[in-house]
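Encoded as structure tokens, the structure appears first; notes follow it.
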């Protein structure tokens, strides 16, 4: 029966194409990727955070499959590169912070322009493509979404903005709101509503064709400027959970508007939706520290995450850490009539798996470059199918981690957010090497490195082989990419 189910899924994925690759239907499935920002490991009601109000994310899970062991990355930009390309971000030139200001005098790091994105693949097969929200794989005007397969872009190019004045707030601050390649000024308008309205118009406009929409929310990422209508759900909730929960519910509400539009236009049954967060919840604290800040905000204005209100359950860590709470996030795939509904899967999947999964379901060919992700259709079909991710690798700058089974080796790691926090006394650099176990009663609390030197050596060798591969791949790109 399991084999039959897998065969049926593959047949459906291929249904729209003949052997010669010609379309057999005028309307192939729409694809929507919803990526939230800094939403923690268990921070949806149906994932166990029953103190949160998330009816729309819960509904999405009820109409699809929840993945309880889904991995993104430790911070924003490597996750987004991995999602777009299906490749380890180190292959794509994203192993450190990317260029943050489009108007920078000196060019910074950007994802290689010759990387093939899921938008390019789908656009090449006739899909209309759009991204609404956060780009964050490099702010250079010629390395943006329109150069990587998207027909439309509305949002921010860098990592975050104030939701009302649309300024990046670190340092002296700079404005970051764009409509395609044109900088636009909408001061006073709530950014989550701006991108949601653009997304709804995109769906309406393309209702009669096949479209790919990347809904890249900038929330619940700080600054925590929630929709006040959700205050009622968190009366009595202590901080920082209260302000964080209100942001999660605000995000959920805007996701609901997208789902409602699909229902209104009778598109829901023919729309594949993939949902995930880009990393664990943030514990960052920030305040405006400069007089005459470009945003107009006063010195002392708080814009951080108030120390962090996410729920990781038994897992340690948060954004900026390779501990489970930093890299393990909620994930859902929903495609009514094709993907089972109301089920969960415990196998390992990663954000890199989205591209090959979308390609298999839509019948679009894979790019001619090495992928690190795998289609998860076998896991969708069979709850006992094994994950193809036998070993997981993470790297950010000079920090790295390897997971093999229940062992995880972390090098140069941080306990919480490391360099990102405004309160370094709250951060703790971990012993290095740090060998953790995931099946302990309190996972990753004990460093076993001195007791299992052979495992440290074996995982270090796995990392070295992997690093040689991905960085050699990156070095093949010519200088025009940089």
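Read-outs throughout are calculated quantities, based only on the coordinates presented, and are distinct from any laboratory measurement. None of the values given here were measured: they were computed from a predicted structure. All Cβ positions, glycine included, derive from the backbone under ideal geometry; neighbour counts span all protein chains shown.
Grab the Cα-Cα distance for residue 181 and residue 193, subtract it from 0.36 nm times how many residues apart they are, and report the gain in nm with one decimal. Spell out each step's value before the answer.
Details: separation 12, 0.36 × 12 = 4.32 nm, distance 2.02 nm.
Value of the extension gain: 2.3 nm.
Annotation: extensible slack from residue 440 through residue 406 equals 11.3 nm (criterion: 0.36 nm per residue apart, minus Cα-Cα distance). Between residue 291 and residue 460, residue separation times 0.36 nm minus the direct Cα-Cα distance comes to 56.1 nm.
Here each label is just a point 7 Å from Cα along the line to Cβ, and for residue 391 and residue 264 those points are 5.1 nm apart.
Would you please put 396-402, 237-243 in order of how densely packed they are, using the mean number of other Cβ atoms within 10 angstrom per residue and starting with the highest? Could you put the intermediate results ahead of the total?
Values: 396-402: 19.3, 237-243: 17.0.
Per-residue mean Cβ counts within 10 Å order the peptides as 396-402, 237-243.
Each peptide in 63-73, 257-267, 158-168 receives the mean, over its residues, of other Cβ atoms within 10 Å, and ordering these scores from highest gives 63-73, 158-168, 257-267.
Ranked from highest to lowest mean number of other Cβ atoms within 10 Å per residue, what is the order of the peptides 171-183, 309-321, 289-301? Can you show the working numbers first?
Values: 171-183: 16.4, 309-321: 23.6, 289-301: 13.2.
Packing proxy ranking, top to bottom: 309-321, 171-183, 289-301.
Each label was represented as a point 7 Å from its Cα along the Cα-to-Cβ direction; for residue 299 and residue 447 these points are 4.0 nm apart.
Using a Förster radius of 25 Å, what is the FRET efficiency between residue 204 and residue 383 based on their Cβ-Cβ separation? Nearest 0.05, please. Don't jump to the answer; show the numbers that get you there.
Details: r = 37 Å, r/R0 = 1.48.
So the FRET efficiency works out to roughly 0.10.
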